[in-house]
Structures are given as structure tokens and as C-alpha cells.
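Please treat every number below as a calculation from the coordinates, not as lab data. Keep in mind that what you see is a predicted model, and the values were worked out from it rather than measured. When we count neighbours, we look across all protein chains shown, and the Cβ atoms used for this are built from the backbone with ideal geometry, even at glycine.
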There are 2 protein chains.
Amino acid sequence: MVQTVDFLKEVQPDKSYRLLNIGATGIVSAVHDGVEDLMPAAWICPLDLLPFKVTAVIDKSHFTRPLIEKSGFFGISLPTVSVAKEMMYLGTISKNDEKDKVEKSGAEIFRFPGYDIPFMRGCAAYMIFKLVPEEHNQKTYDLFIGECLGAWADERVFRDGHWIFEQADPSLSTVHYVAGSHFYTMGRPHDVLL
Amino acid sequence: MVQTVDFLKEVQPDKSYRLLNIGATGIVSAVHDGVEDLMPAAWICPLDLLPFKVTAVIDKSHFTRPLIEKSGFFGISLPTVSVAKEMMYLGTISKNDEKDKVEKSGAEIFRFPGYDIPFMRGCAAYMIFKLVPEEHNQKTYDLFIGECLGAWADERVFRDGHWIFEQADPSLSTVHYVAGSHFYTMGRPHDVLL
């Protein structure tokens, strides 16, 4: 597994939304009362620029959901190809069925100083959100809104507010979900000049 | 410009959400009283599987927004590399400033039989949504919810419920927004086996 923690740099608040612009599949994570869980989530999306807000669709069946509702905080990270297997395990097994799911996944968990949110090493970016409670959205649509408290990215793939996948090893690409166990990586840069 | 209309096939309702799973940049389009507009939108996301629902963030400044609010319908399409320039024009110029913006963009507009929603030729997929009115979300977050009425995709890149970019010409890739005029194309397929 690629240990990206050494390469993590804080992302400016006004550039953090760009981490999610590309539509990569994420991992939503949370902890409450010492119980933590991480789950893949493809349905995450920027909602506002500054303060950077996000929407995340989190079904009622997920163990992670009450951890968010009770703690009021959650994390989103963007796994790379190098940890796609660990991500898949976190998505295939529910903590409802297997209490030591996270330990068995192979994911190496770490935390950012000052924040009690579990993250998996090997991701391209990490974001911490404070839940913006919206009971109607949560109950009716399983839709959660968060306001960003901090964001970090691997400087090998995101620098000065821009993704630079073309300068990095392909194993550091984000993954983009199709269905089943099928994903795409990011491709080539394409600049549109009018 | 690639004329993809000949290759368009209906997508099964229970597979339509997969069109948006990969996180491609879209074009939101609408018409009211004969006035139409199209605008790129990176902040679009699946909300529910079946009926397939979507969220789209549409700022108050956009000419397209009142067309959606008044008509109650909107379209989302996923432009390919082949029409990225036309998409960029639609995003750079506002119809508030230039009334014949759509005509000048170079976009070739067409409609699906039975639906009065303007779409640009050359996209990888097309979806038509009925607005699910949620006044609080629209006013507070610029967040719109739609329920899908129909979806079509270019069979050269999406077949039997799956994206197949690896079998198609690179010009048919979707585009994934970073910032400014900078995008990424879809990369290689990556299957995760546990």
C-alpha cells in the first residue's frame, strides 16, 4: 500500500471544492463513542464554494449513518487505485454483519491532529465536514449536507489548487464508479480553448 | 462534430443512475415559453436508484434556472470531448448578456420525440427530469431535485447498463471538470477483485 501521509498538504478553503469537481468515488467515514466506520460512496457532490459544502447520499442501511447523525461530523476521502481493494472490502462488508470489518479490510487508519475522524491511508484527498442538519432531506432523500472544516491532498496529484494526475504514477489516480466492482481511472488532461 | 444521434439507445430505468456514477461534467438544459438555454454543470449527482433521481446545483445567476422553475422540467446531458468547445462556450457566455448564445455556441440542438427539452448533439448520454419542487433546498442551497422520465446513451460508450469507453474512440469520452478550462477524460477500466 502506498503511504501517502507524508505527501499530504493542506488545501486552501477556496480551492477545496475542486477536490470533488472531477466526480471521483469517495469514502465516507465517521466515529461516535469510539465506534468507527468507513464506507465507499459514489454519490457525493460539491454544494457550495465558500464555505465549501458537500452533499452525500447515505442510505439508512449503512452502519456509518447513525455515527454521523449522532456525532455531527463526517469525513470524505478519495481512494486511489492503490487502495481500491481495501475500499471495495469496506463497501462489500457491512459493520452490521462484521464488527471488525475495518480491521479486516486491510485499511490503515489514521487521523489528522485535532480531528477525531478515521481515514484510510492511500487516498488522494481528505476532507472533514460538520453536518448541517436538514431533517427533511435526511429522512426523505437520505441526503446529508456538510460544511468543510479542513481539506488535505496528496501533493503528487493535487498542487496549487489543481489536479496534476498526468505528472503522477497511475496508481495514484482516483477511481470513478460504474457498477459492481467496475471503475475507471482518470484519463488525460483536456484543455478547452475557445 | 460527431453526430451521435444515430447511436442513441434508450437506457433501462433501473440502470440510468449509472450514467451519472462516473462523475462526468454535464449540461443542464431547459425551455419555457419557447425560450431555451443550456449551461454546463459539474455539480450534478445521483440521488436515488429507482425511480432514478438526481440533484443539480444551479446558481441564481444562471438564465437556465427560472426556465426550470417555471416549466418544471430539465435535461442533463454528458458532453464528450468532441463537443467540449461548444460546452465551454455555453458556460462562458450567459444568455443574460447574449440572447443568441445557444445559436452562436455552435451547438446543434435536437429534441427527443415527445419531450420539449433542448439537447446538444454529440453527448454520451441524455436524461430528462421532472422537477421535484423543494423550495427550501432551491432557495437556501440552489439545490434542485429531479425525477427521471427517460434516458438515452450512445451505444458506442454505454451498452447493457455499462460504460465501455475502452472500446470507443477517445473523442467519445466524457469530460471531468477541474477548474477554468481544464478537464480530464475518462481513463482505463479498473476492476477490483477481492
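Peptide packing: for B:89-96, A:22-29, B:139-146, A:187-194, the average count of neighbouring Cβ atoms within 10 Å per residue gives the ranking A:22-29, B:139-146, B:89-96, A:187-194, highest mean first. Cysteine residues of the protein assembly as shown whose C-beta has no other cysteine C-beta under 4.7 angstrom: A:Cys123, A:Cys148, B:Cys123, B:Cys148.
Shielding value for B:22-30 is 4, the average number of Cβ atoms from other chains within 10 Å of each residue's Cβ. Computed across segment B:1-151, the Kirkwood radius stands at 15.2 Å (inverse of mean 1/r, all Cα pairs). Take every Cα pair under 8 Å whose residues are at least 6 apart in sequence, average their separation, divide by the length of segment A:4-185, and the relative contact order is 29 percent. Each copy carries a label point for A:Pro189 at 7 Å from Cα along the beta-carbon vector; from one copy to the others these points are 2.9 nm apart, nearest first. With its label point put 7 Å out from Cα toward Cβ, B:Phe110 sits 5.1 nm from the same residue's point in the other copies, in order from shortest. Centre-to-centre separation between the Cα atoms of segment A:94-132 and those of segment B:120-194: 28 Å.
Taking the label point 7 Å along Cα→Cβ, A:Ser94 and its counterparts in the other copies are spaced 4.6 nm apart, in ascending order. Copy B relates to copy A by a rotation, and the B residue whose beta-carbon is nearest that axis, with the distance in whole angstrom, is B:Gly23, 1.
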